[in-house]
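The values are calculated or read from the model by the stated rules, or taken from the named source; none is laboratory data. The structure presented is a predicted model; accordingly, all values stated were derived computationally and were not measured. Glycine gets a Cβ as well: all are built from the backbone with ideal geometry, and neighbour counts include every protein chain shown. Each accessible area value is taken on the protein alone, full model and side chains, heavy atoms only, with ligands, DNA and RNA left out. Shrake-Rupley method; radii C 1.70, N 1.55, O 1.52, S 1.80 Å.
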Amino acid sequence: MPARSQSAVPTPLVKLDLNCDLGEGEPLARTRALMRRVTSANVACGGHGGDLKTMEACVRLARQHGVRLGAHPGPGSRSDFGRGPARVVPDEIELLLLHQVGALERVAQANGVRLHHIKLHGALYHASEENEALAKRYVAAVRRFWPQAKIYARAGGRVARVARRAGLGLWEEAFADRSYRDDGTLVPRTEPNALLTEAGLVVERVRRLLDEGEVIAASGKHIVLRPQTLCIHSDTPHAAELAQALVNELGAKCKPPVSRRNPIRPNRGRAWA
């Protein structure tokens, strides 16, 4: 019998945002296919991936399909796709964010699109969960330069806790296509079965999350999560098919994209969900 967390209790069905990391060098056809299915896009902005051309394409596709636009800054190490050891220290993260998030924001403003959220990539995402000083500097930079943007961060993690204390908008994130360890962190990609690639397993994962408020770790342990957004990675094999499976099975429980009759506006005025 798998071990169950003592605090695991059923939770009512909730509506969830479906986000995807995009503009990371995937074929444009895949970018388009995923934009038609997800409700938020985390766009690479020149660190681990992405350039001006891919940012422009993603911003326009996000506007076309009513998808929430987010920045996906990462370490500037393209050789390992920003997933190797993080070399960013707290004193450097503010400038990294200004370079990358600022670049995407300018492209978005030029196309009449508002920056909805910021989500760190790869090693930077995990390093900020492990390092309190890095998490605090990250949150402080967002609060200073993009106070209306939400932070997408690991559900139940350090960054979510710091962002909440700082009073920033926060959507806690769970992963539809990644395996979990007992402490709620992700199984490293270097280990077996770190990635879920079968549609049935992904749908089962998300159904349990919606119905029971939990995911099953690789060990069998039940982990309580209360996310507002789910992630599918664009470089997961058959990513568009996985996203479509979630739309087919769980679409009624997902937050709909922004209405095309109410287009996304530049970053001014009241924040929108």
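Farthest towards the positive end of the charge dipole of segment 128-207, among the residues L186, L168, N131, is the Cα of L168, using unit charges on the Cβ of Lys, Arg, Asp and Glu. Taking amide H atoms as placed 1.01 Å from N in the peptide plane, the amide H of A71 lies under 5 Å from those of V43, H117, I118, K119, each 5 or more residues away in sequence or on another chain. Contact order, relative form, for segment 95-192: 20 percent (alpha carbon pairs under 8 Å, 6 or more residues apart, mean separation divided by residue count). Normalised per residue, the accessible area of segment 99-219 is 40 Å², obtained with a 1.4 Å probe and no contribution from ligands, DNA or RNA. Between E92 and D211, residue separation times 0.36 nm minus the direct Cα-Cα distance comes to 38.7 nm. In order along segment 66-73, the phi-based Karplus estimate (6.51 cos²θ - 1.76 cosθ + 1.60, θ = phi - 60°) of 3J(HN,Hα) comes to x, 9, 5, 9, x, 8, 10, x Hz; Gly and Pro are listed as x. Dipole magnitude for segment 102-257: about 900 debye, using +1 per Lys or Arg Cβ and -1 per Asp or Glu Cβ, origin at the Cα centre.
Here the Karplus curve 6.51 cos²θ - 1.76 cosθ + 1.60, taken at θ = phi - 60°, turns the phi angles of segment 185-201 into couplings of 7, 8, 5, x, 5, 6, 9, x, 6, 6, 10, 9, 10, 8, 4, x, 5 Hz, with x standing for Gly and Pro. Pop out the carbon and sulfur fraction of the accessible area of segment 89-163 as a percent, whole number, probe 1.4 Å. C and S atoms contribute 48 percent here.
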